[in-house]
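Encoded as structure tokens, here's the structure I'll be asking about.
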Amino acid sequence: ETTEPVLPPCFCLNDGVCQDGACVCPEEWVGSLCELVNFCEVSIYTANISEGILKNLTFQRIIVGKYGNSAEKCEHNTVNGNHSIAIRMCSRVGKTPTLQPPQILNCNANLDSLASQVETADSSNVSAIASNTQILTSMPEQLTTQSISTAANIAVRILKKPNISEDSQASVAIMATVSQLLDANETEFNSDNLIDVTASLTRTMEEFSLTSNITQSNIAIQSVPLKLNSSTILFSAQRDMALGYIQSTKLEVQENVPGLTGDLSTEVQILLNIKNNNNGRVGFVLYQNGKFFQSRIYKSRSRFSKQIISGNIDGGRTSGVELAFSPKYNTSQLQLRDHACVFWDYTTNDWSTTGCTKGRDQFLRCRCNHTTNFAVLMAFQIKYNYAKPLEYISYIGIGLSIAGLVITILFQIFTRKTRKFSITWMLVNLCFAMLIFNIIFVSGIENRNAKNHSSDTTSYDQQYQTYDTTSNTLLTSDLVDPPADSWCTAVAVLLHYFLLATFMWTALNSAQLYLLLLRAMKPLPGRFIVTMSVIGWGIPAIVVAITLGTTYREGKALNYRQEEFCWLAALDENQDFSMEKPMLWSFLLPVALILLFNFIIFINITVSVIWRDNKDLTRNKKDSFMKKMISTISIVVVLGITWTVGYLMLINHKETSLVFSYVFCILNATQGLQICILYTFRSQIFKKKISEVFLVFSVPEIPVYLHSKTYYVSKSHLAKHSREAFRQPETFSEDTSLSTLPNHR
């Protein structure tokens, strides 16, 4: 059982998800309850696609602030065959989502042909090239590394055209293209071939920001002139709730402010301290993610995206820059453990902390000597719901099982010669594997990191209250693994091994029952005990070794085990069940196969041996029924059939799953005790030994009549001279399902 954070209740509409007490809406809906429309409905537009040819263009639902592609595509024999012939934007006018007129694609132009034209294109053709580039990149999920590179080069060449900022149509189309590139798959940016291309694009964006004001979904640029009396310039992006019905981002530039704002609705802000003001201009660029800034040192493993902000001055200099970030992340799943103030160093094409210091209060703060492409790199730790200490009922059940297993093992060993009907070796190995598993489970299943978890999560909050000049070091990942715990890993390995061994010995017991009961006339194979021992202890060792070899790496123990408690890993970083984690293929699958095998043998034994009708039996039917029930239960317990209840816990129904959880815990936490009761306490030899030691517990012997048959081997007498009788045994056998078996030690 694991602890779960208690979140404030909230009611969300339209598939919204309650998270940290607020509704997280799908992109089609906005509002505090996800009740407001954030899309334009399906539309049909009649457009002139070329030389007076009119065509009806159909657009599916389009999200506000995004472009939608037409269902109609270019002809197959054109360069852009099967590409949408037009795109259309959905914007918001007041409170109403409104469709803009579509942009038509030149079906005979692709990115390569546009790239060859842009260098010599005059001002009259630049807009058409920019528009076609925007349309060709309007499906970011289909963009490849090569198409990203080509589109970025087109954007750079157009943005470097003289007076391009005066061509609003071309400027907006290129900014839309850049925004769409930032929506491409992250993996496409990992190529070294894009490093120089993206560096050239971001540098060009800085220069372009001095003369334009354009906002797109993933990028925004702002430009303001410097006044002679300007001493500071503050650029900020705030969550704007002024309209009351939708949260948007408001960009604002202020002059001569005393410092950074303390408004908690501010997502990011940058303050430039101006000196040597020569009536120049200041430009700001805000990126909503860092795909253009691929670091070889800092690696992202989470879905969290970081904002990058840049300030650029023409006609002046700065004496320093201050920044503050208010990151948005899932506080119920992630804990911020560290951050670093960095800027993008174009000489190394990577992040650098040189000249920057960091601090923290309600914001993540930075002070730097540079002005361009700042970011705060953050390192998170997953908020693990560490397992609570075992309940008293678990301690009691497992404690009784441990005691029962010890008694059973000792009884089987020390009374081996006394008992004439015994299955010593197989049962002892099963009990021993189960005993070691229970001891390790009750003493080591809890992760020792859980005890230090609460103090660790508060240490970072107390560490950086002021600017720190020494601890601003470059991070290597946005996810921090919990403290290494080799003890927990060792416990997980031992639990994995001994639980697999337990199941393996149940399968071997099952195989032996089959050979003795269903193939009674045939002898057991040679070296049976040796072979069974090698299989029972060897196969689990092989499975564990393979699992460790394929998943465990130094510093990556969580590839093999969980952090919440010391057991096999099952979930990925998004807390979804992973087919790649060892829980499935190194435990659930082999155990399922063993249980299936045991269940088949169990059905055969119960039908063919235990519950087979015997018309000649004249004993009391009630006694016969009870003995059959006890024999059936004995086999169920020793073959581990009760573990199948664990798979019923996977039913996706809370109440049903809870019921099966309790049944599973009761049946399997006390499995050792059940074996002791059925195979030791009910044994007549055990009762006799106890009565000899403690006369007060003397158990009167009740005659047990066993049905016997005597057969003559002679063929001539085979049918005539078989006789049946009832006899009282001289020595009491174990009153279990195994009591009728020959003595195999």
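The values are calculated or read from the model by the stated rules, or taken from the named source; none is laboratory data. All of these numbers come straight from a predicted model, not from anything done at the bench. Counting neighbours? That spans all protein chains shown, and the Cβs are built from the backbone with ideal geometry, glycine included. The area values use the complete protein model at the heavy-atom level, side chains included, leaving out ligands, DNA and RNA. Shrake-Rupley method; radii C 1.70, N 1.55, O 1.52, S 1.80 Å.
Does Leu548 satisfy the condition of being open to solvent by less than 20 Å² (accessible area, probe 1.4 Å), under 21 Å from the mean Cα position of the chain (by Cα), under 26 Å from Ile439 (Cα atoms) and modelled with pLDDT of 90 or more?
no
Here's something else I'd like to know. Consider region 597-623. How many of its residues are assigned to a helix (DSSP H, G or I) and either surrounded by fewer than 14 Cβ atoms within 10 Å (Cβ to Cβ) or modelled with pLDDT of 80 or more (or both)?
15
Now a separate question. Can you pull out the residues in region 246-264 that are at pLDDT 85 or above and among the hydroxyl-bearing types (Ser, Thr, Tyr)?
Thr261
In addition: Taking the criterion of being more than 30 Å from Tyr298 (Cβ to Cβ) and in contact with a Leu (Cβ under 8 Å, 6 or more places away or on another chain), would at least one residue in region 136-144 satisfy it?
Among the residues of region 136-144, at least one is more than 30 Å from Tyr298 (Cβ to Cβ) and in contact with a Leu (Cβ under 8 Å, 6 or more places away or on another chain), which makes the answer yes.
Ok, one more. Of all residues in region 353-383, count the ones that are touching a strand residue (DSSP E or B) at 6+ places or on another chain (Cβ under 6 Å) and open to solvent by 20 Å² or more (accessible area, probe 1.4 Å).
9
If you don't mind, there's one more thing I want to ask. Can you confirm whether region 217-236 contains a residue that is closer than 25 Å to Ala128 by Cα, surrounded by fewer than 19 Cβ atoms within 10 Å (Cβ to Cβ) and not charged (D, E, K, R)?
yes
Ok, one more. Regarding Lys628, is this residue more than 37 Å from the chain's Cα centre (by Cα), modelled with pLDDT under 80 and not in a helix (DSSP H, G or I)?
no
Ok, one more. Quick check on this structure: which one of Cys40, Cys18, Cys25, Cys10 is buried (at least 17 other Cβ atoms within 10 Å of the Cβ), modelled with pLDDT under 90 and in contact with a Cys (Cβ under 8 Å, 6 or more places away or on another chain)?
Cys25
Kindly establish whether Leu105 is open to solvent by 20 Å² or more (accessible area, probe 1.4 Å) and touching a residue at least 12 places away in the same chain (Cβ under 8 Å).
no
So, one more: Which members of region 340-349 meet the condition of being open to solvent by 10 Å² or more (accessible area, probe 1.4 Å) and in contact (Cβ under 8 Å) with a residue 40 or more places away in the chain?
The answer is Trp344, Tyr346, Asn349.
Then there's this: Could you run through region 300-312 and say how many residues are open to solvent by less than 40 Å² (accessible area, probe 1.4 Å) and either of a type in the set (S, T, N, Q) or not assigned by the TED database to the domain that holds Val282 (or both)?
4
Mind counting the residues in region 313-331 that are of a type in the set (Gly, Ala, Ser) and open to solvent by 30 Å² or more (accessible area, probe 1.4 Å)?
So the count comes out to 1.
Hey, another quick one. Can you name every residue in region 116-145 that is open to solvent by 20 Å² or more (accessible area, probe 1.4 Å) and either assigned by the TED database to the domain that holds Gly65 or touching a Ser or Thr at 6+ places or on another chain (Cβ under 6 Å) (or both)?
Result: Thr145, single match.
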